[in-house]
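The structure appears right after this line, and notes come after that.
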Amino acid sequence: RPPRSTLFPYTTLFRSGIDDIAVHMPRLYLSMQDFADLRSASYAKLSKGLGLEAMAVPDVHEDPATMAANAVARLIDRNELDPRTIGRLYLGTESALDGAKPTATYILDMLTQRYQDRYGAACFSRCDAVDLTFACIGAVDALHNTLDWVARADDEDRIGIVAFSDNAKYERHSSGEYTQGAGAGAMIVRKDPRLLVIGPVFGVSTRAVHDFFKPRRKMPVRDMLEHVLHLATKAGAELPDGLTDRMMQALREGEDSLFEGETITVHKDTPLFDGAFSNQCYRQAVKLAFGHFREESLRTGRMNTSDPVLTEQWSRIVCHLPYAFQGKRMFPDIFHHDRKHRADWAPVAEQVGPAPARDDYADEEAYQADREAFRRSVSKTAEYRAFVDDKIERGQRASSLVGNQYTGSLFLALMSTLESDLSQGNDLAGARIGLCGYGSGAKAKVFEGVVQPGWQAVTAQFDLFGRLAERTPISAEQYETLHRGAQQTSVVSPSKEFVLREVKGGDQEGQRVYAWVA
């Protein structure tokens, strides 16, 4: 690890950060061209308009727990970590597998199976484990919490692992289907990291909205029975009158573990969402968090006041990317806000005119429409395009090939940025990177990191794009079968990875059983 003199210059207290990152992607993917053909959609719009080239698709043996366990195992093996030295495993996810038991415990179970012969059956028994859920920002929350945990320790070698894992799945034929993706990752968080020291200031914006959510819904049992009987009639069955009433009476008089009352609770992995509203919430939350970060940085003396344009102080900007071009499409507001009082905004203003002022509008819809038109105008200027190419574009590259990762998309973009800079021969040592996370519901966090002198050696081990190139393409028909849960066997036989072996029935109904496949 680097000597402390090369670390974050603010204070010796805040010298914790990300030492290494590893990811695990499903081995299957659907090309966006095949998806466009399947749904009679415009491939040009998906590719050129949104930056989408492929979506990662989990195989039958994969779920959020196996993907995360595989990423953590890669991290442990690559860094030769002794599991007994890992003090916590905090998982950011919105794809939890249980309503009470954290998915992180399934991950620890798999890791224990793999490492107990070498380190003992209790090798993870002192590792704190928990899930953090706030839509796509859960892993940022887990990182924020773990950075503080590492920083306050007397033990210089305190190690935490922050994991993230999700299956970003939408209803078939929905407007979000083309943004699907999946994957997991893990980060070592410690003092004096080799990769990125994270500064102490986090800008935050939180408000309660319903732009995207996965509610627990109650359905009357009668409605469910009538729906099933309707399907039976459509299939050709002849059913007697009053059958629904008799079935309901039988349920009331008997004992049935599935139907214990007049309603049944239904939880679906796919969300309810409003795409346009969610984009609006994203823009507003990140803009407010950006402003909060800037204010706190100025207040605490952690910002270069001689050049208060924060986005120029950042060599790279890494964003949460539900689709690859989301960052560059959301950032014109901040680009404008950061520069509107500077002389170099004048040539941009000549092209786009003045920004709409909220006080000039009585109608909110009209104001939002004009704001969107203003943002589009800014995004088309040569100045903004140069800004995107310099600071944002490298983070888009992996997202284009994977799709949405929910909690992992910000960190996939970080890896994509670093590996791209490494391949281009750019030395980022000492550079400041701005990170902008977002989670629907809604919350944004803006923070920054300083790239460390050892970043190149760490990044060289990512092999992110090499591993993405080795994946197996699937047909549209295979995608449909996997999406419906009708595929019974793995498309690609698992090898050297954790797998879901079984979901039990009977007294332990729902218990998940995992194993390592050599």
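Numbers for the structure displayed
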{"read-out": "The chain: angle of helix 221-234 to the longest principal axis, Cα-based, in degrees nearest 10", "value": "70"}
{"read-out": "Greater than 18 Å apart at Cα, pairs in Lys48/Lys328; Lys340/Lys445; Lys45/Lys287", "value": "Lys340/Lys445; Lys45/Lys287"}
{"read-out": "Distance between modelled label sites at Leu38 and Arg342, nm, 7 Å Cα→Cβ extension", "value": "4.4"}
{"read-out": "Kirkwood Rh and Cα Rg combined as Rg over Rh, evaluated for region 131-238", "value": "1.21"}
{"read-out": "Ratio of the Cα radius of gyration of region 377-444 to 2.2 N^0.38 Å, where N counts its residues", "value": "1.23"}
{"read-out": "Solvent-accessible area of Asp157 with every protein chain in place, 1.4 Å probe, in Å² to the nearest 10", "value": "80"}
{"read-out": "Top positive-direction residue, dipole computed over region 23-176 with Cβ charges, set Ser42, Leu81, Leu28", "value": "Ser42"}
{"read-out": "The chain: Cα Rg divided by the 2.2 N^0.38 Å rule of thumb", "value": "1.04"}
{"read-out": "Region 349-371 versus region 495-510: alpha-carbon centroid distance in Å", "value": "55"}
{"read-out": "Semi-axis lengths, Å, region 26-111, gyration tensor of Cα atoms, sqrt of 5 times eigenvalues", "value": "35, 15, 11"}
{"read-out": "Förster radius 51 Å - calculated FRET efficiency between Ser423 and Ile264 (Cβ-Cβ, nearest 0.05)", "value": "0.45"}
{"read-out": "Mean accessible surface per residue for the chain, computed with a 1.4 Å probe while every protein chain stays in place, in Å²", "value": "44"}
{"read-out": "Region 32-184, accessible surface, carbon-and-sulfur percent (1.4 angstrom probe)", "value": "43"}
{"read-out": "Separation of alpha-carbon centers, region 216-286 and region 123-155, rounded to whole Å", "value": "37"}
{"read-out": "Average Cα contact separation per residue, the chain, under 8 Å, 6 or more apart, as relative contact order %", "value": "25"}
{"read-out": "Percent carbon-and-sulfur accessible area, region 407-460, ignoring ligands, DNA and RNA, probe 1.4 Å", "value": "49"}
{"read-out": "Simple Cβ-charge dipole of the chain, Lys/Arg +1 and Asp/Glu -1, about Cα centre, in debye nearest 20", "value": "1220"}
{"read-out": "Cβ-Cβ FRET estimate between Asn279 and Ala121, R0 fixed at 41 Å, reported to 0.05", "value": "0.25"}
{"read-out": "Candidate lysines - alpha carbon under 20 Å from Lys218, same-chain residues fewer than 8 apart omitted", "value": "Lys268"}
{"read-out": "Whether region 408-488 is rounded, prolate or oblate, judged on the alpha carbon gyration tensor where a/c under 1.5 counts as rounded", "value": "oblate"}
{"read-out": "Simple label model, 7 Å out from Cα along Cβ direction - Asp363 to His210, nm", "value": "2.6"}
{"read-out": "Rg/Rh ratio calculated on Cα atoms of region 297-439 (Kirkwood radius)", "value": "0.99"}
{"read-out": "Pairwise FRET efficiency - Ala235 versus Asp77, Cβ, R0 = 45 Å, nearest 0.05", "value": "0.30"}
{"read-out": "Reachable aspartates and glutamates, given that their alpha-carbon falls under 17 Å from the alpha-carbon of Lys214 and they are not under 8 places away in the same chain", "value": "Glu94, Asp98, Asp131, Asp166, Glu171, Glu177, Asp269, Asp274"}
{"read-out": "Set of region 25-47 residues, backbone N closer than 18 Å to the point 7 Å along the Cα-Cβ line of Ser475", "value": "28-40"}
{"read-out": "Spread of Cα-to-Cα distances over 10 Å intervals beginning at zero, given as percent, for region 193-284", "value": "12, 24, 21, 18, 12, 8, 5, 0"}
{"read-out": "With all protein chains modelled, accessible area of Trp345 [1.4 Å, Å²]", "value": "20"}
{"read-out": "Hits among lysines - C-alpha to C-alpha of Lys234 under 16 Å, sequence gap 8 or more where chains match", "value": "none"}
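The values are calculated or read from the model by the stated rules, or taken from the named source; none is laboratory data. Quick caveat, the model's predicted, so the values are computed rather than measured. Cβ coordinates were reconstructed from backbone atoms using ideal geometry, including for glycine residues, and neighbour counts include every protein chain displayed. Quick note on the areas: whole protein, heavy atoms, side chains included, nothing else; ligands and nucleic acids left out. Shrake-Rupley method; radii C 1.70, N 1.55, O 1.52, S 1.80 Å.
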